[in-house]
Protein chains: 2
Amino acid sequence: MRRPRRKAEDTRAEILDMAERVFTERGIAGSSIAHVAQALGMSPANVFKHFHSKVALADAICQRSIENMAAQLQALNVEEPAPDRLRSVAHQLMAMHLAAFKTAPYMIEMLLILSETEMASGARYGEMIEGLFAGLIRHGIDSNVYYCRDIPARSRAVAAAFVTILHPVFLVRTPMDELETRCDEIVELVNIALQNPLAK
Amino acid sequence: MRRPRRKAEDTRAEILDMAERVFTERGIAGSSIAHVAQALGMSPANVFKHFHSKVALADAICQRSIENMAAQLQALNVEEPAPDRLRSVAHQLMAMHLAAFKTAPYMIEMLLILSETEMASGARYGEMIEGLFAGLIRHGIDSNVYYCRDIPARSRAVAAAFVTILHPVFLVRTPMDELETRCDEIVELVNIALQNPLAK
């Protein structure tokens, strides 16, 4: 049995879980805070105390899924040489994005419809991806296989280069074998750039 | 005064010009073949003789604008060394895409809404962009500044790497200075990749 006085954090997580279900069933455009409240047996006012708008709710769901992704990526094997590591991470990232868009199609709706609103999760996502590539580049430099003077600039360019295997606009209607080939071709381009000793 | 019997090609061009105007005014979703016919003072049946659907019409407009873009790009100065040429072409391409989306916002609608339909112009666009980069890479190899074993694969990866400065999803809401920096950073990544002598 639930304790009558629960922590705000637990309520927040419970609201997010239910919002994910409601968004999955009805789509974001067809959902409202009231729908989420009703599904929880809560008053809309109670949900509003935690999330001031549907966009804030969508934003928080994205944040949570980005944090999950970042945690999974950190758990990946880091023993490989840098160029192999880049290949593994790129394919893993692509698989995670594909899985997310498959199990939660409202994520695509969020990206396409709500991209006009400034969502904190958008910036957080950019940081996560660029930070990920910055870490890979640093690892390669430390082991003398990568050369790079400006890691932040290079990480941004690398993140941009991988967009067609991460963004749903390019991802969802492309056959899997084509995606795998494309991913390998971009990995190869990025690896020969990072391995160019003249860029030292 | 118009000659009563005109060539099919002229009628086709006239329909395309008017369709561009109608699409600009009403958007693609709000336009029909009937609207275009009415604006031309033609019967819808006459328009249908040339274009069997609104999508076919949109496709033909895209084709024409891709051909114009390709012609403009071919006229660009080719006297620069390959790495500078890549930089010029990338910035020029970005400027052309920005201009197209600004003067013809229905192009964005076409890309976003009609991307589920198989349009011949989509394939033609991919060929144009990849062919452009293949030409630049070949030029660099001929002048001994670029190294590349598999030109088609490398061209595909380079085209993918530049997507965030060409596709409206990334283009239309990004400030100009940020776009210029991003373009330069991707050019730098691609140039050091193509200049890596180890990729010979």
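The values are calculated or read from the model by the stated rules, or taken from the named source; none is laboratory data. From a predicted model like this one, the values you see are computed outputs, not experimental measurements. Here the Cβ positions follow ideal geometry from the backbone for every residue, glycine too, while neighbour counts run over all protein chains shown.
Each row is one residue, and each column tells you yes or no for (1) closer than 17 Å to A:R87 by Cβ; (2) facing chain B (nearest Cβ under 8 Å); (3) out of contact with any helix residue (DSSP H, G or I) (no Cβ under 6 Å at 6 or more places or on another chain).
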{"position": "A:I137", "(1), (2), (3)": "yes, no, no"}
{"position": "A:A153", "(1), (2), (3)": "no, yes, no"}
{"position": "A:A159", "(1), (2), (3)": "yes, no, no"}
{"position": "A:D184", "(1), (2), (3)": "yes, no, yes"}
{"position": "A:L189", "(1), (2), (3)": "yes, yes, no"}
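Residues are listed down the side, and each one gets a yes or a no for (1) of a type outside the set (S, T, N, Q); (2) within 25 Å of B:V163 (Cβ to Cβ); (3) outside the structural domain of B:T164 (by TED's automatic domain parsing):
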site: B:E14; (1), (2), (3): yes, no, yes
site: B:R21; (1), (2), (3): yes, no, yes
site: B:S32; (1), (2), (3): no, no, yes
site: B:R87; (1), (2), (3): yes, yes, no
site: B:M96; (1), (2), (3): yes, yes, no
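Contact annotation: residue pairs with Cβ atoms under 7 Å, 6 or more positions apart or on different chains, pairing a residue in the range B:88-99 that is at negative phi with a partner that is of a type in the set (F, W, Y), are B:A90/B:F162.
For the range A:167-177, a tally of residues being within 11 Å of chain B (Cβ to nearest Cβ) and modelled with pLDDT of 95 or more returns 0.
Can you work out which of the residues in the range A:142-156 that are free of Cβ contacts under 8 Å to residues at least 12 places away in the same chain and surrounded by fewer than 16 Cβ atoms within 10 Å (Cβ to Cβ) is farthest from A:A193 (Cα to Cα)? Quick ask: steps written out before the conclusion?
At the first step, the residues of the range A:142-156 found to be free of Cβ contacts under 8 Å to residues at least 12 places away in the same chain are A:142, A:144, A:150, A:153.
This time we only want the ones that are surrounded by fewer than 16 Cβ atoms within 10 Å (Cβ to Cβ), so: A:142, A:144, A:150.
Values: A:D142: 16, A:N144: 14, A:D150: 13 Å.
Only one residue tops the list, namely A:D142.
When A:I137 is tested against the conditions (1) out of contact with any Pro (no Cβ under 9 Å at 6 or more places or on another chain); (2) under 24 Å from B:I165 (Cα atoms); (3) surrounded by fewer than 21 Cβ atoms within 10 Å (Cβ to Cβ); (4) modelled with pLDDT of 95 or more, the lone failure is (3).
Of the residues making up the range B:156-200, those that are more than 22 Å from the chain's Cα centre (by Cα) and hydrophobic (A, V, I, L, M, F, W, C) are B:L189, B:I192, B:A193, B:L194, B:L198, B:A199.
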